[in-house]
Amino acid sequence: MTLPALLGGPPVRPQGPPTWPQWSSSVASVFAQLVATGDWGRYHGPHGAALMAALAESHGTEHVQLCASGTAAVELALRGVSVGPGDEVILSAYDFKANFTNVVLLGALPVLVDCRSDDAQLDVDQVSVAVTDKTKAIIASHLQGGLVAMAALRELADQRGIAIIEDVCQAPGAIVDGRPAGAWGDVATLSFGGSKLVTAGRGGAVLTHRPEVAQRMRVYNQRGNEASPLSEMQAAILLPQWQQLDVANQERSAAVIEMRGLPGMTLFMSAPRSVGLDLAVDFQPAYYKVGFWYSAAEYAGLSRERFCQALRAEGIPLDSGFAGLHQTHARRRFRAVGGLPQATRACASVVMLHHPILRSGPGPGIELRQAVDKIRTYATMLRDAQPDDLCGT
Ligand SMILES: *Cc1c(COP(=O)(O)O)cnc(C)c1O
């Protein structure tokens with residue numbers, strides 16, 4: 001076996017990680033049309049309307065509004081369900097940073113709960129412990145290829161009269177407990193940011209079936225002029241990507257199946273938690289990132305950071321997961337429910353693969369396994385190498 005690329009051997013993927021976005025003939029032809037019609041410079045027109053209709057249809061939600069980013073979408077969603085000063089909003093301590101910031105921005109208190117030990121997703125049992133009479137909303141983010149147990153969460157939220165913001169920025173097109181991800185929440189949020197599965201560089205959307213929530217979001221976003229708009233140009237290039245999303249998601253899922261059973265790198269395992277559902281039909285993750293639990297013990301104690309560095313040197317885009325919201329914010333900013341042991345563990349040991357590699361040729365799973373095997377064979381050398389001895393970084 002050759003040396004790992006970080007120690008000077010030949011990388012598994014000499015061409016490096018795939019670029020994103022990948023070339024798309026349908027997006028290319030939309031660009032040509034935009035130029036020919038002048039639609040690239042319009043405020044309003046058929047493209048935004050067509051995108052909203054497609055999103056409404058995919059999710060079975062009546063009201064769709066486009067906006068400038070996923071972060072703006074989460075803010076709109078919180079405003080849509082009337083979160084304000086004095087309210088509490090429950091979210092996982094292992095979540096996207098800006099979700100916490102948005103809650104604070106509105107004067108509400110983030111209430112951090114633990115995540116699950118199998119898939120690092122929001123733990124619905126912990127949510128039920130966290131609810132008080134001040135709880136206004138729960139943010140449920142489907143993260144890194146996992147899916148929150150939405151049927152159970154919906155039941156809990158309905159019993160207690162709490163709104164769910166379902167953050168689908170990482171899981172567009174996924175199916176959870178038999179419904180499209182995004183169809184469970186009072187409001188769902190999407191992102192069309194530059195790294196996301198469906199991208200216009202920037203952009204986002206909110207979806208809801210509740211007219212009064214849609215009205216509040218609209219009033220806030222259209223304060224005399226649109227404050228957080230998505231352009232016709234963006235909408236036009238998003239539509240063909242949305243139409244091709246299911247096929248792309250299936251390809252990505254097929255690649256992830258080949259990544260099961262890697263040593264010391266265990267895939268997040270979400271499973272339908274409602275009885276009577278069909279695993280293949282009612283439960284389909286989408287992979288913006290592929291989350292794994294890294295176990296340094298399988299690699300002679302090699303640190304997670306150097307393990308990721310070694311894979312990146314092989315041309316495989318692997319990074320550490322999120323920093324914990326409970327670890328990056330002052331205690332007075334939030335209330336924590338319990339000791340958050342799983343979130344702490346997730347922050348210390350999750351690694352995540354970035355999605356473009358899942359659709360780059362026939363064997364992303366084989367490449368990953370080759371790279372991991374090399375790193376495991378040379379784990380001690382990698383662990384003991386001085387920073388100056390490392391190559392390809
Ligand atoms: C990317 C992301 C967002 C924010 O989207 P932007 O468009 O980058 O603002 C929100 N939530 C999650 C879970 C995300 O991954």
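The values are calculated or read from the model by the stated rules, or taken from the named source; none is laboratory data. Computed from a prediction, not measured in an experiment: that's the story for all the values here. Cβ sites come from the backbone with ideal geometry, for glycine too, and all protein chains shown count toward neighbours. Areas reflect the complete protein model, heavy atoms only, side chains present, ligands, DNA and RNA absent. Shrake-Rupley method; radii C 1.70, N 1.55, O 1.52, S 1.80 Å.
Details
- A protection proxy built from the mean count of other Cβ atoms within 10 Å ranks the segments 23-35, 59-71, most packed first, as 59-71, 23-35.
- Inter-label distance for Trp23 and Asp246, nm, one decimal - labels placed 7 Å from Cα along Cα-to-Cβ: 2.8
- Gyration tensor verdict on segment 239-353 (Cα atoms; rounded if a/c is under 1.5, prolate if a/b is larger than b/c, oblate otherwise): oblate
- Built amide H within the under 5 Å cut-off of Thr135, gap 5+: Glu88
- 5 angstrom amide H check on Val350, placed H, neighbours 5+ away: Tyr294, Gly321
- Computed from backbone phi, the HN-Hα couplings of segment 47-62 come to 6, x, 4, 5, 5, 4, 5, 5, 5, 4, 5, 4, 9, x, 10, 6 Hz, rounded to whole numbers (Karplus: 6.51 cos²θ - 1.76 cosθ + 1.60, θ = phi - 60°; Gly and Pro given as x).
- Between Lys134 and Asp384, the distance separating the two model label sites (each 7 Å from Cα on the Cα→Cβ line) works out to 5.5 nm.
- Integer Hz, Karplus 6.51/-1.76/1.60 couplings in order for segment 22-29, x for Gly and Pro: 7, 5, 9, 5, 5, 5, 4, 6
- Residue order by solvent-accessible surface for Ile175, Ile366 is Ile366, Ile175, largest first, with ligands and nucleic acids left out and a 1.4 Å probe.
- Here Glu226 sits with roughly 60 square angstrom of accessible surface, probe radius 1.4 Å.
- Shape of segment 25-243, Cα gyration tensor, a/c cut at 1.5: prolate
- Computed from backbone phi with θ = phi - 60° and the Karplus coefficients 6.51, -1.76 and 1.60, the 3J(HN,Hα) list for segment 72-79 is 5, 5, 5, 4, 4, 4, 5, 5 Hz; x is used for glycine and proline.
- Under a 5 Å amide H cut-off, with hydrogens placed 1.01 Å from N, Leu262 pairs with Leu267 among residues at least 5 apart or on other chains.
- Percent accessible area from carbon and sulfur atoms, segment 59-203, protein chains only, probe 1.4 Å: 48
- Shape category assigned to the chain from the gyration tensor of Cα positions, a/c cut at 1.5: oblate
- Ordered from highest to lowest accessible area with the whole protein assembly present and a 1.4 Å probe, Arg304, Arg79 read as Arg79, Arg304.
- In this structure segment 25-243 gives 36 Å² per residue of accessible area when probed at 1.4 Å with all protein chains present.
- Highest-first arrangement of 229-235, 38-44, 50-56, where packing means the average Cβ count within 10 Å: 229-235, 50-56, 38-44
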